[in-house]
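Worksheet for the structure shown next.
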Amino acid sequence: MTTQSAKRPRKTLALAWIALVGIEITTQLSLKRAGHVTGHFDFSAHAFALATSCIWLWVAVCSYCAGFLAWMLILGHSDLSRAFPTSAIVFVAILLVSWLVLHESIGAVQFIGAAVIVAGILQLGRDGSVAPPGIPPPPQSAPAANHSTNITE
């Protein structure tokens with residue numbers, strides 16, 4: 001494999017993460033806007049009709065679907081054990097956008113929490129191929145037998 005082709009999956013993965021964060025921000029801002037436009041939702045037929053006629057709800061639904069596609073791309077190139085906790089970066093991004101765009105009040109506790117999330121994500125990015133002292137590496141699995149529980153069939 002050439003160096004150039006080895007960089008493509010990393011670039012694709014990085015772009016997918018950037019897209020996921022942007023899409024999730026779009027989803028949440030659109031839902032927030034839809035809530036403002038439609039007002040109190042009481043699960044009545046009128047409330048459903050009002051919500052489904054709101055363009056912001058449809059923007060949110062479409063961006064939610066786009067987020068699903070970005071997430072599938074990420075999972076195709078990542079270990080779930082690292083990707084899922086890393087997705088918490090979306091919480092940090094939405095917190096910052098809520099503060100910057102919506103002018104919501106964010107306190108020190110929220111900023112400290114965001115810093116803890118970022119620190120955790122940075123820890124996840126470290127090379128996990130060497131187990132910490134006292135923790136054995138996971139067992140190597142044998143090739144799957146031809147059983148009905150094999151999900152790759």
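Assorted remarks:
- The Cβ shell under 15 Å around residue 35 holds other residues with a net charge of 0, Lys and Arg each +1, Asp and Glu each -1.
- Between residue 13 and residue 40, the FRET efficiency estimated from the beta carbon spacing at R0 = 41 angstrom works out to 0.50.
- Solvent-free Debye calculation, one equal scatterer per alpha-carbon of segment 3-124: log10 I(q)/I(0) at 0.12 Å⁻¹ equals -0.57.
- Listed from fewest to most Cβ neighbours within 10 Å, the set 111, 43 follows the order 43, 111.
Values in this text are rule-based calculations from the coordinates and carry no lab data. Worth saying up front: this structure is predicted, and the values here are computed from it rather than measured. Cβ: placed from backbone, ideal geometry, glycine included. Neighbour counts: every protein chain shown.
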